Amino acid sequence: MAIPDRSFTVIVGPNACGKSTLLRALARMLRPRSGVVLLDGRNVHAQATRTVARTLGLLPQSSIAPEGITVADLVARGRHPHQGLFRQWSADDERVVQESMTATGVADLAGVRVDELSGGQRQRVWIAMALAQETPLLLLDEPTTYLDIAHQIDVLDLCARLQREQGRTLVAVLHDLNQAARYADHLIAMRDGRVVAEGAPAEVVTAERVEEVFGLPCRVIDDPETGTPLVVPAARRR
């Protein structure tokens, strides 16, 4: 599979099909038993850790902040790959942290402890930290998990805006197929540890493919808001 440059790519599939494993392999957290992961044409495992960290950011599925840390301090940790023996904290680092908090709508929470925030606020802070890393490629593992529907849309709207306005390449794992079809411009469908389809949502999300991948009989209609594919499960008899 290949991730198109400057796309919002979403990986979908049933539970335990390998979505998060694939994302962890892309992030260099897992080494493939066979084959290779290429980042900008080079084996990701042959590149220096700091080089990869300046190119690729990861928002893991479960993130735990150090106890008592404030929002600003956590977001500032995203600047770590840019620090070094002869490169310490600078005005440019401070600017990036402020811009990242502003872009995610958490600037007014800078002095608040992360453990005092709601789930939706915390997720925005983690995204701000990933943005502060200033990587052209950002991987998001189930960024809407544990969020209510309103906060899910907020986070996905934010991701889409960052991809559109900043030209970043985003790769996200999502469980909600309709949200994936609405926000992605490139969709990857997986089943049993392999990619079964990839392309534009209108090409991938068909009634036949949804039943093949998820085992769900359904109809696929046009979303009345966006015109993207909308999956309507077949009614089951009582």
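Tabulated values for the structure
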{"read-out": "Residue within segment 11-19 that is touching a residue at least 12 places away in the same chain (Cβ under 8 Å), out of contact with any Lys or Arg (no Cβ under 6 Å at 6 or more places or on another chain) and closer than 18 Å to L170 by Cα present", "value": "yes"}
{"read-out": "Yes/no for E165 being in a strand (DSSP E or B) and among the charged types (D, E, K, R)", "value": "no"}
{"read-out": "Residue tally, condition without any contact (Cβ under 8 Å) to a residue 24 or more places away in the chain and farther than 21 Å from R122 by Cβ, over segment 148-163", "value": "0"}
{"read-out": "Flag if T169 is under 15 Å from M1 (Cβ atoms), surrounded by 14 or more Cβ atoms within 10 Å (Cβ to Cβ) and of a type in the set (S, T, Y)", "value": "yes"}
{"read-out": "Given (1) of a type in the set (D, E, K, R); (2) in a helix (DSSP H, G or I); (3) touching a residue at least 60 places away in the same chain (Cβ under 8 Å), number of the condition D5 does not satisfy", "value": "(2)"}
{"read-out": "Within segment 43-147, helices (runs of 4 or more DSSP H) holding 3 or more residues that are free of Cβ contacts under 8 Å to residues at least 12 places away in the same chain", "value": "91-103"}
{"read-out": "Those residues of segment 172-215 which are open to solvent by 40 Å² or more (accessible area, probe 1.4 Å), assigned to a helix (DSSP H, G or I) and within 17 Å of G227 (Cβ to Cβ), in sequence order", "value": "N178, R182, A202, E203"}
{"read-out": "Test: residue in segment 21-37 that is on the phi > 0 side of the Ramachandran plot, at pLDDT 90 or above and not in a strand (DSSP E or B)", "value": "yes"}
{"read-out": "Test: residue in segment 171-187 that is farther than 30 Å from E99 by Cβ and among the hydroxyl-bearing types (S, T, Y)", "value": "no"}
{"read-out": "Residue in segment 16-27 that is under 22 Å from R161 (Cα atoms) and either open to solvent by less than 60 Å² (accessible area, probe 1.4 Å) or not aliphatic (A, V, I, L, M) (or both) present", "value": "yes"}
{"read-out": "Meets criteria (buried (at least 17 other Cβ atoms within 10 Å of the Cβ) and touching a Leu at 6+ places or on another chain (Cβ under 8 Å)) for L39", "value": "yes"}
{"read-out": "Residue match in segment 104-112 (condition: under 16 Å from the mean Cα position of the chain (by Cα), closer than 22 Å to R6 by Cα and not charged (D, E, K, R))", "value": "yes"}
{"read-out": "Single residue of segment 226-238 satisfying the filter (in a loop (DSSP other than H, G, I, E, B) and touching a residue at least 12 places away in the same chain (Cβ under 8 Å)) that is surrounded by the most Cβ atoms within 10 Å (Cβ to Cβ)", "value": "T228"}
{"read-out": "Enumeration of residues in segment 42-77 that are over 17 Å from V96 (Cα atoms), open to solvent by less than 30 Å² (accessible area, probe 1.4 Å) and touching a Pro at 6+ places or on another chain (Cβ under 7 Å)", "value": "L59"}
{"read-out": "Residue in segment 107-127 that is open to solvent by 10 Å² or more (accessible area, probe 1.4 Å), touching a strand residue (DSSP E or B) at 6+ places or on another chain (Cβ under 6 Å) and small (G, A, S) present", "value": "yes"}
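The values are calculated or read from the model by the stated rules, or taken from the named source; none is laboratory data. Since the structure is predicted, the reported quantities are computational estimates derived from the model, not experimental observations. Backbone-built Cβ (ideal geometry, glycine too); neighbour counts: all protein chains shown. Surface accessibility is based on the protein's heavy atoms, side chains included, excluding ligands, DNA and RNA. Shrake-Rupley method; radii C 1.70, N 1.55, O 1.52, S 1.80 Å.
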